[in-house]
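Encoded as structure tokens, the structure appears first; notes follow it.
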Amino acid sequence: MNTSSTSGEHGFSILEVLMATTVLTVGIAALAQLFALSTRANVSAKVTTAASVLAQQKMEQLRGLTWGFDVVGLPLSDYSTNVTVASETPSDGVGLTPSPAASLEENTEGYCDFLDRYGNSLGGGESAPSGTAYVRRWSIEPLPSNPDNTLILQVLVTPPKDRGADPAVSTRRLPDEARIISVKTRKAQ
């Protein structure tokens, strides 16, 4: 009597194994691409979030400068605080003095500072020191309809890269950047 029977035994052919391996390989490759894409997106989100926090810090610093009226009703304006250094100093700066027209597009003394990757100040100036991870620029412009009492404050935080000379690029936010705009109006003290 023959105990081995071939009628109930089934196996996989080499063709079936190759097809299954191909489908598995394509699926793993797609997942690897998705993983790489999500990693890039997370890194970009981290940089943009840090830039947003740094922009908000500078905006709060600028909004905290004196811009109001004294008890007699005369305007009080801070035109001397240096906000380009880690701990602002009451002199040797420009305070809320209106900025040059291109202060958001190029590093302008008094309207720009540099930060390391942890957000620590590396000082101001026109050229970025080594270790600069973010360039923070700001502009201060009088509101055309009320130039004596209202200022438009803008802060742009960007990685240290050339944004180019194209005016359309210089006015919009690019990836990995943060831009905040606010208005400051004189208030009675």
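The values are calculated or read from the model by the stated rules, or taken from the named source; none is laboratory data. Given the structure is predicted, the values throughout are model-derived calculations rather than measurements. Note that we place each Cβ from the backbone using ideal geometry, even for glycine, and neighbour counts take in every protein chain shown.
Of note:
- Residue check for residue 92: under 30 Å from residue 185 (Cα atoms), acidic (Asp, Glu) and loosely packed, with under 14 Cβ neighbours inside 10 Å: yes
- Selection from the stretch 64-88 of residues that are modelled with pLDDT under 90 and more than 24 Å from residue 147 (Cβ to Cβ): 85, 86, 87, 88
- Of residues in the stretch 123-137 being among the charged types (D, E, K, R) and either surrounded by 11 or more Cβ atoms within 10 Å (Cβ to Cβ) or in contact (Cβ under 8 Å) with a residue 40 or more places away in the chain (or both), the one farthest from residue 100 (Cα to Cα): 136
- When residue 53 is tested against (1) assigned to a helix (DSSP H, G or I); (2) among the hydrophobic types (A, V, I, L, M, F, W, C); (3) surrounded by 14 or more Cβ atoms within 10 Å (Cβ to Cβ), just one condition goes unmet, and that condition is (3).
- The requirement of being at pLDDT below 90, of a type outside the set (Phe, Trp, Tyr), closer than 30 Å to residue 181 by Cβ and assigned to a helix (DSSP H, G or I) is fulfilled nowhere in the stretch 13-27; no residue meets it.
- Scanning the stretch 56-88 for residues that are loosely packed, with under 14 Cβ neighbours inside 10 Å, under 27 Å from the mean Cα position of the chain (by Cα) and of a type in the set (D, E, K, R) yields a total of 1.
For (1) modelled with pLDDT of 90 or more; (2) out of contact with any strand residue (DSSP E or B) (no Cβ under 9 Å at 6 or more places or on another chain); (3) surrounded by 18 or more Cβ atoms within 10 Å (Cβ to Cβ), each residue gets a yes or a no:
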| site | (1), (2), (3) |
| --- | --- |
| 98 | yes, no, no |
| 120 | yes, yes, no |
| 142 | yes, no, no |
| 148 | yes, no, no |
| 162 | no, yes, no |
| 168 | no, yes, no |
| 171 | no, yes, no |
| 179 | yes, no, yes |
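- Among (1) touching a Leu at 6+ places or on another chain (Cβ under 8 Å); (2) in a helix (DSSP H, G or I), the one test that residue 36 misses: (1)
- Contacts under 9 angstrom Cβ, first residue in the stretch 145-156 being closer than 14 Å to residue 111 by Cα and touching a residue at least 60 places away in the same chain (Cβ under 8 Å), partner part of a strand (DSSP E or B) and of a type in the set (D, E, K, R), 6 or more apart: 153/141; 153/184; 155/136; 155/137; 155/179; 156/136; 156/137; 156/179
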